[in-house]
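The values are calculated or read from the model by the stated rules, or taken from the named source; none is laboratory data. Note that the coordinates shown come from a computational prediction; the quantities given were computed from them, not determined experimentally. FYI the Cβ positions are ideal-geometry reconstructions off the backbone, even for glycines, and counts take in every protein chain you see.
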């Protein structure tokens, strides 16, 4: 009887060990370079290098209102090492931070600036994302602006 209980216990332990989650760490999800993506007539942008597509219309609506024009606008997109997407465009007053969900990007944070971004560009500056806007640089993470 004892051997039966022991065998059952060992079997349960092996089963539970096999069900534990597998973690591959460390992992770096960053894109080394910013992607500048032109919005098409359907409001979509496509980045073939990273197999990335998104509908940009809701972003332009959130930033500029219901009648926002988006055709041929350029989105600036970069992904940091934690897997967050940073997205902005010329004349936006914010950088939008998204994370991946089931078939979508969900807003994590909206980093707002006092003035509109005139000529934004992103750079990877691990562990941050650098936003260059003319002569002013900001270090960003998914929580907001960090001290420079």
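Just to check your reading of the model, which residue among 128, 85, 138 is surrounded by 13 or more Cβ atoms within 10 Å (Cβ to Cβ), within 16 Å of residue 37 (Cβ to Cβ) and in contact with a strand residue (DSSP E or B) (Cβ under 9 Å, 6 or more places away or on another chain)? Answer to the selection: 85. Going by the structure shown, is residue 114 surrounded by fewer than 21 Cβ atoms within 10 Å (Cβ to Cβ) and in contact with a helix residue (DSSP H, G or I) (Cβ under 9 Å, 6 or more places away or on another chain)? For residue 114, the condition - surrounded by fewer than 21 Cβ atoms within 10 Å (Cβ to Cβ) and in contact with a helix residue (DSSP H, G or I) (Cβ under 9 Å, 6 or more places away or on another chain) - is not met. The residues of the range 131-148 that are assigned to a loop (DSSP other than H, G, I, E, B) and closer than 14 Å to residue 97 by Cα, listed by number, are 142, 143. Inside the range 102-120, residues that are in contact (Cβ under 8 Å) with a residue 40 or more places away in the chain and within 17 Å of residue 142 (Cα to Cα) make up a count of 1. Within the range 84-109, how many residues turn out to be over 18 Å from residue 60 (Cβ atoms), at pLDDT 95 or above and in a loop (DSSP other than H, G, I, E, B)? Adding up the residues that qualify gives 1. Restricting the range 30-45 to residues that are in contact with a strand residue (DSSP E or B) (Cβ under 6 Å, 6 or more places away or on another chain) and in a loop (DSSP other than H, G, I, E, B) leaves a set whose member that is surrounded by the most Cβ atoms within 10 Å (Cβ to Cβ) is 39.
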